[in-house]
Amino acid sequence: DAGITQSPRHKVTETGTPVTLRCHQTENHRYMYWYRQDPGHGLRLIHYSYGVKDTDKGEVSDGYSVSRSKTEDFLLTLESATSSQTSVYFCAISETSGSGQSGEQFFGPGTRLTVL
Amino acid sequence: RKEVEQDPGPFNVPEGATVAFNCTYSNSASQSFFWYRQDCRKEPKLLMSVYSSGNEDGRFTAQLNRASQYISLLIRDSKLSDSATYLCVVNTGGGNKLTFGTGTQLKVEL
């Protein structure tokens with residue numbers, strides 16, 4: 001299994017509080033991603049990173065920010081959590097840019113976040 | 001129309017059966033295709049990539065039809081351990097951004 005860990009694995013928080021989720025990889029892969037997974041939706045990309053300090057928005061980025069100060073760590077921050085951000089959050093990594101038949105992504109174990 | 005569409009199932013099949021899942025995608029510029037497997041309350045795991053010529057990995061066969069824009073996954077001799085949700089995943093050409101289907105649930109029964 002790819003060396004990806006996420007912390008915390010479970011979190012319950014209240015509306016309006018800031019929350020930071022951490023993804024840590026030991027594979028030295030260039031690309032890192034944050035997804036959320038909700039019933040009735042496929043995994044949806046929040047933000048991704050293509051290198052240290054290089055990040056870009058995904059399809060559901062509103063209300064989220066990210067930072068990547070080291071290759072191995074990718075942080076997702078909810079500045080002011082809302083109940084609509086209750087979800088399962090997955091971090092993923094990939095080595096290549098996705099052209100041709102490359103671009104497979106490998107996922108961390110997920111963080112279950114509940115916003116009350 | 002969703003970018004990637006799958007029949008959500010569930011598909012309930014007896015052990016030993018052959019089962020096939022289809023997936024359609026809307027972006028004709030899509031370049032890479034994958035099947036992932038996700039067990040309940042676990043992370044998605046790559047099952048196999050899908051190549052233009054079709055590819056096989058043991059009991060699993062994946063096919064790609066670019067003209068009709070669909071991908072299929074065939075599982076032969078189903079095992080109880082194959083019970084999971086199977087996600088169809090497409091790289092829609094925007095760098096390395098993947099688009100996920102909502103998944104097809106498979107339940108293999110005795």
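Tabulated results
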| quantity | calculated |
| --- | --- |
| Cβ charges +1 (Lys, Arg) and -1 (Asp, Glu), total dipole of chain B, debye | 260 debye |
| For segment A:1-102, size of Cβ-based charge dipole, Lys and Arg +1, Asp and Glu -1, in debye | 100 debye |
| Reachable aspartates and glutamates from B:Lys97, criterion Cα separation under 19 angstrom, eight or more residues apart if same chain | A:Asp38, A:Asp54, A:Asp56, A:Glu59, A:Asp62, A:Glu95, A:Glu104, B:Glu3, B:Glu5, B:Glu43 |
| Segment B:12-110 - Debye-derived log10 I(q)/I(0), Cα point model, q = 0.13, 0.16, 0.24 Å⁻¹ | -0.43, -0.65, -1.31 |
| Free-standing Cys residues across chain B, given no other cysteine C-beta under 4.7 angstrom | B:Cys40 |
| Paired Rg and Dmax values of the protein assembly as shown, which use every Cα atom, in angstrom | 17.6, 52 |
| Candidate aspartates and glutamates for bridging to B:Lys79, where Cα separation is under 16 Å - those fewer than 8 sequence places away on the same chain excluded | B:Glu15, B:Asp39, B:Asp57, B:Glu109 |
| If the convex hull is drawn through the Cα atoms of chain A, its volume per residue in Å³ | 100 Å³ |
| From the C-alpha gyration tensor of segment B:59-107, square roots of 5λ in Å | 23, 14, 8 |
| More than 17 angstrom apart: percent of Cα pairs within segment A:1-53 | 53 percent |
| Summed buried accessible surface, chains A and B, 1.4 Å probe, nearest 100 Å² | 2000 Å² |
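The values are calculated or read from the model by the stated rules, or taken from the named source; none is laboratory data. This one's a predicted model, so the numbers in the text were calculated from it and none came from an experiment. We place every Cβ from the backbone using ideal geometry, glycine too, and count neighbours over all the protein chains shown. Protein only, heavy atoms only, side chains kept; ligands, DNA and RNA dropped before computing areas. Shrake-Rupley method; radii C 1.70, N 1.55, O 1.52, S 1.80 Å.
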